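The values are calculated or read from the model by the stated rules, or taken from the named source; none is laboratory data. In this text, all values refer to a predicted model and were calculated from it rather than measured experimentally. Glycine gets a Cβ as well: all are built from the backbone with ideal geometry, and neighbour counts include every protein chain shown. Just the protein is used for accessible areas: all its heavy atoms, side chains included, with ligands, DNA and RNA removed. Shrake-Rupley method; radii C 1.70, N 1.55, O 1.52, S 1.80 Å.
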Amino acid sequence: MLPRPPEEPPSWWPSADPGPTRGGALTARLGVLAGSSLLVCFVTGLISHYLGHPWSWLPPPARPAWLYRLTQGIHVITGIATIPLVLAKLWSVQHRLRQWPPARSVAHAAERASVGLLVAAVLLELVTGLLNVLQYYPWPWDFVAVHFATAWLVIGSVALHVAVQLPAIRDGLATPLSRRGTTRGLSRRGVLGSIGLGVGTVVATTVGQVVGPLAPLALLAPRRPDRAPDQDLPVNRTAAAAGVGTAARASTYRLEVRGRTERSFTVSELESLPSQRRSLPIACVEGWSRNAHWQGPSLLDLVASVGGGASSQVTVTSLEDGPYAVSSIRDGQLRGALLATHLNGQRLSLDHGYPVRLIAPGRTGEQQTKWVTRIEVS
Ligand SMILES: Nc1nc2c(c(=O)[nH]1)N[C@H]1C(S)=C(S)[C@@H](COP(=O)(O)O)O[C@H]1N2
Ligand SMILES: [Mo]
């Protein structure tokens, strides 16, 4: 048992009066909105994560080719929409930080501590996600691992919070918003309206990253897919930034293909192989995506030329070192893959992966390896 706190707070304790606008009716509605947005963000995030980090016994699907484009697009948009919703929800309950007594019992103290953990986890998740979208990684730890682990902490603590607050949520939703008129400040409907306007604005200025015709509105997007520097497709990392410009243009460049046998191709040999055309999107983890027309030899044909086949596991290696140097591909994605020599009707530019880049359906952007120099078949 805790010692019993005095009935009245000390004189220096700030007032916990919620004011005319805050209250259960508003909080419950904001909670439903923030919670729903967070849930959609969580589920699409899980699917996206699976597509990027599949289990060995369950190959990621190749169809629909735009699956990652869809899940990652929704993930980033709902994540951004969740930020103003969560801030509004916190604003609506902030007077409770000053409630007296701070804790009535051990159980009450534990419940308040769990809310503290929930708030910390949600803020960490939203801030790391937003900084990733802005292509800013100011921390030393692995973004994906931390963002993924925190997502489970968030969803678990939200579930606990909803369970504990269920009676209050029911009450709040049953109370009409307009029941209590207010003489100062915004009315509750006014508050909801302003939040709606805020959420609408951040979504409208982000959704153009994914939806082509809305691209001119994508003011908040670091990459406007309609303002591509080159061949009508954005470039995050140029050949110069990756340090591969010289090697990619060198006359000594070869594509090595290793399986039961080994073959090696010069650029002009690659260009004279039978080629196929495919329309496939590039969809970046940061949320931007764009469809493009690709042409080049089928990866499966090259795999077959060294004794592999549709059930092979294939590893593709870039001229570049670093996090995007290697990707693996199998199953339906392998059958749908090209080693692109052409993009939107032109010879692939250096920044897009010249001499050849991997492009396949259903994959995350980072798995679409540029400047490919080695293919290993097992
Ligand atoms: N070798 C190599 N391949 C790469 C990358 C890279 O930096 N190096 N970037 C990846 C990422 S994160 C994406 S989204 C796509 C498109 O990136 P781009 O815009 O830099 O072409 O290519 C992928 N392939
Ligand atoms: Mo990316």
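At-a-glance table
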read-out: Computed label-point distance, nm, for sites Leu177 and His147 using a 7 Å Cα→Cβ extension; value: 3.2 nm
read-out: Nearest-ten-degree value, helix 106-133 long axis tilted from longest Cα axis of the chain; value: 30 degrees
read-out: Charge dipole magnitude, Cβ of K and R +1, D and E -1 - region 109-268, Cα centre, debye nearest 20; value: 340 debye
read-out: Gain on full stretching of the segment that runs from Ala304 to Glu8 - 0.36 nm per residue minus C-alpha separation; value: 98.4 nm
read-out: Dipole of region 1-138, positive end: most advanced residue of Tyr50, Ala62, Gly116 [Cβ charges, Cα centre]; value: Ala62
read-out: Dipole in debye (nearest 20) - the chain, about Cα centre, beta carbon charges: Lys, Arg +1; Asp, Glu -1; value: 960 debye
read-out: Probe 1.4 Å, accessible area per residue of the chain, Å²; value: 50 Å²
read-out: Rounded to whole Hz, the Karplus (6.51, -1.76, 1.60) HN-Hα couplings of region 5-14, x for glycine and proline; value: x, x, 4, 9, x, x, 5, 7, 5, x
read-out: Glu262 versus Gln99: modelled label distance in nm, points set 7 Å from Cα along the beta carbon direction; value: 7.1 nm
read-out: C-alpha long axis of helix 188-204 to longest principal axis of the chain, angle in °; value: 10 degrees
read-out: In region 127-222, the chymotrypsin sites (Phe, Trp or Tyr not before Pro) that fall in loop regions by DSSP, at most 14 other Cβ within 10 Å; value: Tyr136, Trp141
read-out: Positive dipole terminus of the chain, leading residue within Gln313, Ala25, Leu339 (C-beta point charges); value: Ala25
read-out: Dipole magnitude (debye, nearest 20) for region 24-222, charges at Cβ of Lys, Arg, Asp, Glu; value: 860 debye
read-out: Extreme residue, positive dipole direction of the chain, given options Val210, Gln276, Val191 (C-beta unit charges); value: Val191
read-out: Among Asn132, Asn236, Asn291: highest mean-square fluctuation, GNM of the chain, C-alpha pairs under 10 Å; value: Asn236
read-out: Of Leu338, Leu302, Leu97, the one that fluctuates the most in a GNM where the chain has Cα springs shorter than 10 Å; value: Leu97
read-out: Region 24-222, accessible surface, carbon-and-sulfur percent (1.4 angstrom probe); value: 73 percent
read-out: Of Ser318, Ser264, Ser275, the one that fluctuates the most in a GNM where the chain has Cα springs shorter than 10 Å; value: Ser264
read-out: Projected label distance in nm at Leu90 and Glu111, using a 7 Å step from Cα toward the beta-carbon; value: 2.2 nm
